Amino acid sequence: RLGWIQTSSEIIEKLTVSGVVISGGCPNHYTSLLVKTAIDMGLVDEHIENIKASYRAKLEIMEGTLQTHFADIAEWYCPRGGYFFWLKMKNEVDTKKLKEKAEELQTGFQQGELFSCNGGFKDYIRLSFASYNESEIKEGVIRLSSVFKES
């Protein structure tokens with residue numbers, strides 16, 4: 001695994017003095033060095049451009065399909081980074097209750113409430129485009145729109 005941690009300086013300090021990190025057990029130093037070397041040698045540049053083009057195409061498909069099928073029931077901004085669209089439903093709706101209906105139609109979303117520390121965002125949904133091909137995105141958004149239009 002290769003990743004990073006974004007947290008407060010107090011937690012970083014605790015992590016960097018832990019036995020796991022000091023002993024070399026984690027994070028994976030070998031993989032980190034391999035990836036750094038590949039980046040320094042320019043070996044991943046073409047791959048990164050291909051990934052960016054793939055995500056851009058998926059984003060554009062989702063944006064267009066949302067415009068067609070969700071414009072009358074939700075508001076959103078097209079993301080400039082990341083893998084998610086956040087939609088705010090125009091009518092008050094408890095998205096938690098609609099999740100099961102969406103799953104019955106073999107589509108889904110994450111309800112906004114899961115990302116709130118105080119139980120807010122009940123009328124928001126988060127949609128991901130990263131792990132799906134273009135036809136799955138389009139079909140999933142179309143099926144999902146029927147869930148919200150029937151509510």
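Worth pointing out:
- Carbon-plus-sulfur accessible fraction, the range 50-151 (probe radius 1.4 Å, protein heavy atoms only): 48%.
- Once the C-beta distance of Tyr77 and Leu105 is scaled by a Förster radius of 41 Å, the resulting FRET efficiency is 0.95 to the nearest 0.05.
- Two-site label geometry, Glu136 and His47: point separation in nm, points 7 Å out along Cα→Cβ: 2.1 nm
- For the chain, the solvent-accessible area with a 1.4 angstrom probe is 71 square angstrom per residue.
- Max-minus-min Cα coordinates of the range 62-151 on each principal axis give 35, 30, 23 Å, with the largest extent listed first.
- Inter-label distance for Asp40 and Asp94, nm, one decimal - labels placed 7 Å from Cα along Cα-to-Cβ: 5.6 nm
- With the highest mean first, a sort of the peptides 85-95, 116-126, 44-54 on other beta-carbon atoms found within 10 angstrom per residue produces 85-95, 116-126, 44-54.
- With 27 Å as the limit on Cα-Cα distance, the pairs of Lys52/Lys101; Lys52/Lys99; Lys52/Lys97; Lys14/Lys52; Lys58/Lys90; Lys52/Lys96 that go past it are Lys52/Lys101; Lys52/Lys99; Lys52/Lys97; Lys14/Lys52; Lys52/Lys96.
- Solution diffusion estimate, µm²/s, Stokes-Einstein, the chain, Kirkwood Rh from C-alpha pairs, 37 °C, viscosity 0.692 mPa s: 179 µm²/s
The values are calculated or read from the model by the stated rules, or taken from the named source; none is laboratory data. This is a predicted model, so every value here is computed, not measured. Glycine also receives a Cβ, built like all others from the backbone with ideal geometry; neighbour counts cover every protein chain displayed. Note: areas computed on protein heavy atoms with side chains; ligands, DNA, RNA excluded. Shrake-Rupley method; radii C 1.70, N 1.55, O 1.52, S 1.80 Å.
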